[in-house]
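The values are calculated or read from the model by the stated rules, or taken from the named source; none is laboratory data. Just so you know, these numbers come straight off a predicted model, no measurement behind them. Using ideal geometry, Cβ is built from the backbone for each residue, glycine included, and neighbour counts are taken over all protein chains shown. For the accessible areas, the whole protein counts, side chains as well, though only heavy atoms, and no ligand, DNA or RNA atoms are used. Shrake-Rupley method; radii C 1.70, N 1.55, O 1.52, S 1.80 Å.
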Amino acid sequence: MARDFKDKVVVITGAASGLGYSLCKRFAQAGAKVAGLDKDAAGLKALAEELGGMGASVNTFLCDVTDEAVVNDTINQIIDNIGDIYVLINNAGVSHVSLFKETRAFVLKRVIDISLFGTIYCTKAAIDSIIKTQGTVIGIASVAGYAPLAGRTGYAAAKHGMAGFLNTLRTEVDRDGVKVLLVFATYIKTNLAKNNLSADGTPMRQERPTSGNVLMPDEAAESIFNAAAQEERQLLLGETAQASWDLYHSDPQTYEQIMLSLNEYVFNSTADDGDS
Ligand SMILES: NC(=O)c1ccc[n+]([C@@H]2O[C@H](COP(=O)([O-])OP(=O)(O)OC[C@H]3O[C@@H](n4cnc5c(N)ncnc54)[C@H](O)[C@@H]3O)[C@@H](O)[C@H]2O)c1
């Protein structure tokens, strides 16, 4: 039987933009009590206004997921004031586009802190509550969470880490009735590309070439909502994600050649060596 989210508390990180915003809308349409977390106050205000205008139950929280104390405080506030958590969607993320040899180490750490430690802090704070509700933990990973992606060593490390963390967590909490869903997404039309960090940590503020089909955020949110309702373990989101999974696991060298041909632009960087 499909899971029903009506009147259930659904916590979504990175709620102020892109996929997180669409996930908030989709779960709100299903009657969930949505708690949206982000570090972008203006985006949270827009979310609260739009969902509030639909008559949805929505609360927003200014929360940087890399700050463990703030995460703990936010999750406790949600549990105390709204109720036990049924779904946690670890969605906040940022990428970089820069060769490893040119990238400052703090940039790689920032990317890993948001996607991996943000996921660990939020899940740690919420897990006892999710065990009580026999709820679901979701992680928004990427094709870079199971295969290489040139120019994104930090992002690939973060998303591979997220996959290892959540796949292992599943084996521990399955006996508690908790479900874990990993989403390996392909390109979604969001602000991610504009927010990409460069080798020195400054946001790139420009689009980058994409390969394969590009999904709209509402479309991606619908697929994730359905996968959560159906208690799926893994969602390969988008045709490119499925084709990449099949090719990488059957013929990794051919996969790497194709991936490199599509990402040749990352080798044309004019970045300096990052020491300035
Ligand atoms: N867009 C894509 O093509 C694509 C592909 C695969 C996976 N993903 C993943 O989807 C997720 C959502 O990204 P998006 O595409 O919607 O991008 P986006 O930039 O539109 O949204 C990301 C949101 O995360 C928030 N955020 C960033 N750092 C944060 C922090 N420290 N604390 C709290 N919030 C923070 C941002 O403020 C923003 O609202 C990310 O994890 C991303 O890696 C995106």
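Matching residues to (1) within 20 Å of the chain's Cα centre (by Cα); (2) more than 23 Å from residue 188 (Cα to Cα); (3) within 15 Å of the ligand (Cβ to nearest atom):
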residue: 10; (1), (2), (3): yes, no, no
residue: 16; (1), (2), (3): yes, no, yes
residue: 25; (1), (2), (3): yes, no, yes
residue: 32; (1), (2), (3): yes, yes, no
residue: 36; (1), (2), (3): yes, no, yes
residue: 44; (1), (2), (3): yes, no, yes
residue: 53; (1), (2), (3): no, yes, no
residue: 61; (1), (2), (3): yes, yes, yes
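Apart from one condition, residue 19 fits all of (1) over 20 Å from residue 228 (Cβ atoms); (2) among the hydrophobic types (A, V, I, L, M, F, W, C); (3) touching a residue at least 60 places away in the same chain (Cβ under 8 Å); the exception is (1). Checking each residue in the stretch 74-100 for being more than 14 Å from the ligand (Cβ to nearest atom) and either of a type in the set (S, T, N, Q) or free of Cβ contacts under 8 Å to residues at least 12 places away in the same chain (or both) picks out 76, 77, 80, 81, 98.
Exactly one residue among 221, 229, 241, 185 is more than 12 Å from the ligand (Cβ to nearest atom) and among the aliphatic types (A, V, I, L, M), and that residue is 229. Are any of the residues in the stretch 85-97 aromatic (Phe, Trp, Tyr), within 25 Å of residue 185 (Cα to Cα) and open to solvent by 20 Å² or more (accessible area, probe 1.4 Å)? Yes - at least one qualifying residue is present in the stretch 85-97.
Name the residue that is nearest to the ligand (Cβ to nearest atom), counting only residues in the stretch 122-135 that are surrounded by 24 or more Cβ atoms within 10 Å (Cβ to Cβ) and outside any loop (DSSP other than H, G, I, E, B). For the stretch 122-135, the residue satisfying everything is 122.
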